[in-house]
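The values are calculated or read from the model by the stated rules, or taken from the named source; none is laboratory data. Just so it is clear, the model here is predicted, and its values are computed rather than measured. We place every Cβ from the backbone using ideal geometry, glycine too, and count neighbours over all the protein chains shown.
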């Protein structure tokens, strides 16, 4: 899948308040910016700190208009809270890919709070964006004391996605 | 300067900095809150006012002094500030004054979806509307120019999706108009709105609007893109972006100046296409104005007046598709934080079947299960007035169970006049007001307010004591306690006050669990008079342990 040209890549990220959905979408959007692409992202976060469902749309390509992913047009759904799949299924294309906790379990991470970055690592395998740009955007977004943990999580996510791809999944 | 990925709110803050805005003021309200916070972080002078009306008046004074003033609020905040707004249109300003209203179509975090484009028409003020972050930056500089050139406040309308969406901004501070030094000139007929001076002031206002309308016909806030002759779309705000995606072949007229409207430009555009559709979120403000002017345009069907527009809904409008729309499944609902100090209060109110006259804030979540103890919720400060009305009217056995529930920031915003009413017109059964004081404006993201004793910058300033205000007004029973530490004491006190035919204020005080650590840090630094180092970005990184 190409992120360049007229084709716009649509990513929706979802989870519960406090899981780092907004941080993850900020990281991906910054990476697209540094790749020289047009990028927009949208979210509703008025209630995000009260534990409710939070979702964020990131769109990038040569030219992006609406900041919101139209229903049924998401190429990828990054799902931090598996309970919210039904509430989020509206966004996916018929051949859209869910990247969730079945791929990377929070229990297998050095810190469960790095799940957002681990799933970004998994997503990076699918995108036509240099993973180095996502990694750099991640480091720029997080305080230095968290860099090692999150770099590790990013790699765990990447390896899980590569392993699934190698297995034909 | 480099391209940056900014939210609309951040882009406005950056433009305000580059435009030399001398004072930013406002009251927190989603989705406008981040503007002043970012303006301060970038080095601007920003402060929270107790409510939007006061903020508007402070901004007006700054603009009378020749400064450039920015006042921010959410859409419903403009109702609170409408009184000064309408007459500021008559007085005009010496410097610049931008009144920023952040509307919330779809009500992501609001009690109504009023369309504040109506205020531009009602007050007679120019209105500028950006559709993305670059325009939020560019148009702000333009709005400053309009305000100074015609000596008139400018309404700057954004919506949730423009405020909170991020897109790329290339700033150009070199194009910002040069600032002038503040200076006072006596000008009584211009600024003292007694009837003899206000009558000519109204004529002056209409003359300014007529000039701006002529200017608007060719200004670069309104942009025309010629495409297909078969379809032309007139749009403003976020609808421009949805339209460009849903109908890339169409001719487009995007309006950045939505009052006064460039009627000749619109008339020519409509005549140049076979089908001319007005695409607007919310009320049919543009469509009504164009149809009234005899310009043949097509308005969206009324069903699209409700909620936000998006690309899918725009496609439906284009196709005249009125089939039922799929209802989005709702995900996990927000709820009171597990360690929220209000659980005890709501448990007690529910246990004793109280009638809760509620207010605006996190504690509004008391309306949801398991508590459902909020029986009314209307506007900021309404809990006290509505509670008094209920007490005056209900039979005594029900009246005695009425409790007004209001948060600390909301109390400062517009609860104090409710207490004055309570003293002046006490119900026969007395009344009980519970101030849920968690030491912050929690709902909008933990902003300071006058009762915290810290400024927007979290430095020490004068502190308003809620209990001292209540006592000074003459409330006979004022009690402060921590309901979380002493739930039984809270229950005993509440029952005793409900049984007494007296006026009572109970201040239930315990810091918000989300803000407690920050409050401790701010207090420490406020004492040391040193500004704390704030983490970058508005959101806490997922991996952060604070």
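List of remarks:
- Hits in the stretch B:350-378 (condition: assigned to a loop (DSSP other than H, G, I, E, B), within 14 Å of another protein chain (Cβ to nearest Cβ) and under 15 Å from residue B:437 (Cα atoms)): B:360, B:361
- Residue list for the stretch B:236-249, restricted to those being under 28 Å from residue B:155 (Cβ atoms) and free of Cβ contacts under 8 Å to residues at least 60 places away in the same chain: B:244
- Candidates in the stretch A:155-169 are the residues that are under 21 Å from residue A:28 (Cβ atoms) and free of Cβ contacts under 8 Å to residues at least 40 places away in the same chain; of these, the one that is nearest to the other protein chains (Cβ to nearest Cβ) is A:155.
- For the stretch A:117-154, the set of residues classified as in contact (Cβ under 8 Å) with a residue 24 or more places away in the chain, over 22 Å from residue A:107 (Cα atoms) and in a helix (DSSP H, G or I) consists of A:126, A:131, A:133, A:134, A:136, A:137, A:140, A:141, listed by residue number.
- Test: residue in the stretch A:104-112 that is within 13 Å of chain B (Cβ to nearest Cβ) and either part of a helix (DSSP H, G or I) or closer than 17 Å to residue A:25 by Cα (or both): yes
- Here is the figure for the stretch B:38-56: residues that are under 20 Å from residue B:153 (Cβ atoms) and out of contact with any strand residue (DSSP E or B) (no Cβ under 8 Å at 6 or more places or on another chain) total 3.
- Residue among B:54, B:12, B:21 that alone is out of contact with any helix residue (DSSP H, G or I) (no Cβ under 8 Å at 6 or more places or on another chain) and either surrounded by 24 or more Cβ atoms within 10 Å (Cβ to Cβ) or more than 23 Å from residue A:140 (Cβ to Cβ) (or both): B:54
- Of the residues making up the stretch B:290-311, just one is in contact (Cβ under 8 Å) with a residue 60 or more places away in the chain and in a helix (DSSP H, G or I), namely B:311.
- Pairing residues of the stretch B:192-205 that are assigned by TED's automatic domain parsing to the domain that holds residue B:123 with residues that are exposed (fewer than 12 other Cβ atoms within 10 Å of the Cβ) and assigned to a helix (DSSP H, G or I), at Cβ distances under 8 Å and at least 6 apart in sequence or on separate chains, gives B:197/B:188.
- Residues in the stretch B:51-70 that are more than 20 Å from residue B:34 (Cβ to Cβ) and part of a loop (DSSP other than H, G, I, E, B): B:65, B:66, B:67.
Residues are listed down the side, and each one gets a yes or a no for (1) more than 16 Å from residue B:60 (Cβ to Cβ); (2) in contact (Cβ under 8 Å) with a residue 24 or more places away in the chain; (3) assigned to a loop (DSSP other than H, G, I, E, B):
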{"site": "B:102", "(1), (2), (3)": "yes, yes, no"}
{"site": "B:110", "(1), (2), (3)": "yes, yes, yes"}
{"site": "B:114", "(1), (2), (3)": "yes, yes, yes"}
{"site": "B:118", "(1), (2), (3)": "yes, yes, no"}
{"site": "B:131", "(1), (2), (3)": "yes, yes, yes"}
{"site": "B:136", "(1), (2), (3)": "yes, yes, no"}
{"site": "B:140", "(1), (2), (3)": "yes, yes, no"}
{"site": "B:147", "(1), (2), (3)": "no, yes, no"}
{"site": "B:163", "(1), (2), (3)": "yes, yes, no"}
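- Test: residue in the stretch A:19-36 that is at pLDDT below 95, surrounded by fewer than 24 Cβ atoms within 10 Å (Cβ to Cβ) and at the interface with chain B (Cβ under 8 Å from one of its Cβ atoms): yes
- Scanning the stretch B:521-540 for any residue that is at pLDDT 95 or above, over 30 Å from residue A:151 (Cβ atoms) and assigned to a helix (DSSP H, G or I) turns up nothing.
- Search result, residues across the stretch B:34-50 that are touching a helix residue (DSSP H, G or I) at 6+ places or on another chain (Cβ under 7 Å) and either without any contact (Cβ under 8 Å) to a residue 40 or more places away in the chain or outside any strand (DSSP E or B) (or both): B:34, B:35, B:38, B:39, B:42, B:43, B:44, B:49, B:50
- Residue B:393 being over 26 Å from the mean Cα position of the chain (by Cα), over 28 Å from residue B:484 (Cβ atoms), crowded, with 20+ Cβ neighbours inside 10 Å and in the same structural domain as residue B:476 (by TED's automatic domain parsing): no
- Flag for residue A:58 being buried (at least 21 other Cβ atoms within 10 Å of the Cβ), in contact (Cβ under 8 Å) with a residue 24 or more places away in the chain and in a loop (DSSP other than H, G, I, E, B): no
- Here the condition is being more than 14 Å from every other protein chain (Cβ to nearest Cβ) and assigned to a loop (DSSP other than H, G, I, E, B); of B:445, B:462, B:418, it holds for B:462 alone.
Yes or no, residue by residue, for (1) surrounded by fewer than 22 Cβ atoms within 10 Å (Cβ to Cβ); (2) not in a strand (DSSP E or B):
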residue	(1), (2)
B:17	yes, yes
B:25	no, no
B:32	no, yes
B:72	no, no
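- Residue check, residue B:436 farther than 18 Å from residue B:476 by Cβ and touching a residue at least 24 places away in the same chain (Cβ under 8 Å): yes
- The lone exception for residue A:41 - which of (1) more than 10 Å from chain B (Cβ to nearest Cβ); (2) buried (at least 21 other Cβ atoms within 10 Å of the Cβ) it fails: (1)
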